[in-house]
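Take a look at the structure set out below.
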Amino acid sequence: MRIWILLGSIAGIVATAWAQPASNLAFEVASLREDVRLLNQRLGELALTVEQLNRENNALQTKANQSYVTMEQLNRTVADLNRSVQGSLSDQRRDVLAQVARQIEALGRQTNAALDALAKNQATRPAVQTSFSEDFPKQGVNYTVQSGDTLSGIAQKHGARTQDIINANKITDPTRIRVGQTLFIPQGR
C-alpha cells in the first residue's frame, strides 16, 4: 500500500517537474533519486521478509508431516486396539467362567455334605408322631411358652402329663416348641 502511495507521489512530482524551471527541476530530480533509493531499500526488506516467511512455512509443513498421522494409520491403530480389547475380554470371560464353575462345584459338594448329614440326623431321630389320642382331660389352662421352656418342664410345672399336652396340642415334634406359642395344658387326673 505504501509503495502505491509512493509511486503516486513520484508520478505527481515528475508531472510538476516538467512544468517548473530548471533550478527547481534539479531539486526535484534529487528528491526522486532519494525516493527511488528508499523504494529499493524497502523492496530489499520485503524480499528478505518473503524469504523468511517461506523458510518458516517449509519448517511448519515438515513438522506437520512428521507429527500428524494419516486416517489409514489411525484406523489401523484403532482396529489393533479393538482386537486387543476383544482378546482381553475373551480371556477375562473364560477366567470368570472357570472361577464360577469351581465355586458351583464347591457349593455342590457342600450341599451334598449337608444333605448327607441331614439324612443321617433324620435316621437317628425318633419317629414323628402323626396320630394323637383323644384320651386327655378336657379341662385345663392356656400357657404361653417362655424362653428356656421344655415340654417336660411345662408339664412338671403344671402337674400335667407330657403325653397329654402333646395329644391336646397335636405336637408332632416335642423338641420344637417356640417362644410365644400358646399351649393348652390339660389338668384334672
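Among the residues examined, Gln61 does not qualify as among the polar types (S, T, N, Q), within 30 Å of Thr182 (Cβ to Cβ), over 30 Å from the mean Cα position of the chain (by Cα) and surrounded by 10 or more Cβ atoms within 10 Å (Cβ to Cβ).
For region 138-159, the set of residues classified as closer than 11 Å to Phe184 by Cα and part of a loop (DSSP other than H, G, I, E, B) consists of Lys138, Gln139, Val145, listed by residue number. Test Ala168 against the stated conditions and say whether it is aliphatic (A, V, I, L, M), in a helix (DSSP H, G or I) and within 60 Å of the chain's Cα centre (by Cα). Judged against the criteria, Ala168 is not a match.
Read-outs throughout are calculated quantities, based only on the coordinates presented, and are distinct from any laboratory measurement. Treat the numbers as computed from the prediction; the structure is a model and nothing was measured. Glycine gets a Cβ as well: all are built from the backbone with ideal geometry, and neighbour counts include every protein chain shown.
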